[in-house]
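The block underneath contains the structure these notes are about, expressed in structure tokens.
The values are calculated or read from the model by the stated rules, or taken from the named source; none is laboratory data. The model shown is predicted, which means the values in this text are computed figures rather than measured ones. Quick reminder, even Gly has a Cβ in these numbers, built from the backbone with ideal geometry, and neighbours come from all protein chains shown. When the accessible area is computed, the model is the full protein with side chains, heavy atoms only, and any ligands, DNA or RNA have been set aside. Shrake-Rupley method; radii C 1.70, N 1.55, O 1.52, S 1.80 Å.
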Amino acid sequence: MNKFGKALVGIAATTALAIGGIASPVLSPMAQAAGDSNKAVSWAVATANDNSHGYDMRTRTGGVDFDCSSFVMSAEKKAGFNVSLVATASMKSTLEKVGFSNVASKVTKSSGNGLRVGDVLLRTGSPFGHTALVTSVSGSTIKVTEATTNGSTCSKNSAGLVYCGKSGDQNGKEIRTGSYANVMHDYQYVMRPPDSKAPATTTTPSVSYYPKYTGSSASIVDALKALGVDSSYAHRQKIAAANSISGYSGTAAQNTTMLSKLKAGTLKKA
């Protein structure tokens, strides 16, 4: 398998070098894994709403942080498609091997008319590559979910390559769902999955978080009270369940985990 190559990525108004794609997956030309794009959409939106995930090129394949291509390809893996986390330069051929087709000619790029939920928007050329997933279409209102640098910290490694990112979402906008804005990336391809009978709209529930606690208390009860949140044991059980803290019984470890999330602004509301 080849090592990471070089790919261009836009940072502000300058062009910088970033890590490129890992080797394309070895698949039979007839390999077209069954998939469910609704699962890709649900996973992508939920991940964007969870600020413990962010943009980081260094750890793009670790399942916690992503760059634009590893984020979209991770969503397709969640959907059941047999793909690897390749970079934008290899995405078109990789998706075609599992049954995706380019339908850009059927879409009005300026407005997004013709897009469907589950479509993968892709640009592979100069000055930089980018990709995003269409996660909601309601009339002329189109939403896409993507991973972006969005002002992330960037630095050069010993080889002179520029890497952007830091673990976690630094501003809540590194992995985000927003309005379709093709003029930002001038997508060349619209890759439609073979199961594209997804509904015209999605009803993926949004995830909201409690305000970040900035006080000094080491008690989750006091911290919740300070934010005007019900701190009763019964309600803390609901909060724990919403944050995957299983079998909540009010132990010190469980309360510390909950408090840490509250201080980080990543405690999901019950």
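Values as computed for the structure displayed
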| read-out | value |
| --- | --- |
| Residue under evaluation M1, criteria (1) surrounded by 22 or more Cβ atoms within 10 Å (Cβ to Cβ); (2) at pLDDT below 85, criterion not met | (1) |
| Residue tally, condition among the polar types (S, T, N, Q) and either touching a His at 6+ places or on another chain (Cβ under 6 Å) or surrounded by 10 or more Cβ atoms within 10 Å (Cβ to Cβ) (or both), over the range 229-248 | 4 |
| Unique residue being in a loop (DSSP other than H, G, I, E, B), modelled with pLDDT of 50 or more and polar (S, T, N, Q) when the list is T47, T61 | T61 |
| Filtered residues of the range 116-146 (kept if in a strand (DSSP E or B) and β-branched (V, I, T)) | V120, T131, V134, T135, V137, T141, I142, V144, T145 |
| Unmet criterion (only one of (1) more than 17 Å from the chain's Cα centre (by Cα); (2) modelled with pLDDT under 90; (3) among the small types (G, A, S)) for G129 | (1) |
| Set G118, G112, G80: member being open to solvent by 10 Å² or more (accessible area, probe 1.4 Å) and small (G, A, S) | G80 |
| Hits in the range 36-68 (condition: surrounded by fewer than 20 Cβ atoms within 10 Å (Cβ to Cβ), touching a strand residue (DSSP E or B) at 6+ places or on another chain (Cβ under 9 Å) and among the aliphatic types (A, V, I, L, M)) | V64 |
| Residue that is farthest from A132 (Cα to Cα) [pool: residues in the range 83-109 that are open to solvent by less than 10 Å² (accessible area, probe 1.4 Å) and part of a helix (DSSP H, G or I)] | T94 |
| Wholly enclosed helices (runs of 4 or more DSSP H) of the range 206-270 bearing at least 3 residues at pLDDT 90 or above and over 25 Å from A46 (Cα atoms) | 220-226 |
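Table: residues versus (1) at pLDDT below 90; (2) within 20 Å of A44 (Cβ to Cβ); (3) in a loop (DSSP other than H, G, I, E, B); (4) not aliphatic (A, V, I, L, M).
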| position | (1), (2), (3), (4) |
| --- | --- |
| K77 | no, yes, no, yes |
| S111 | yes, no, yes, yes |
| S155 | yes, no, no, yes |
| A159 | yes, no, yes, no |
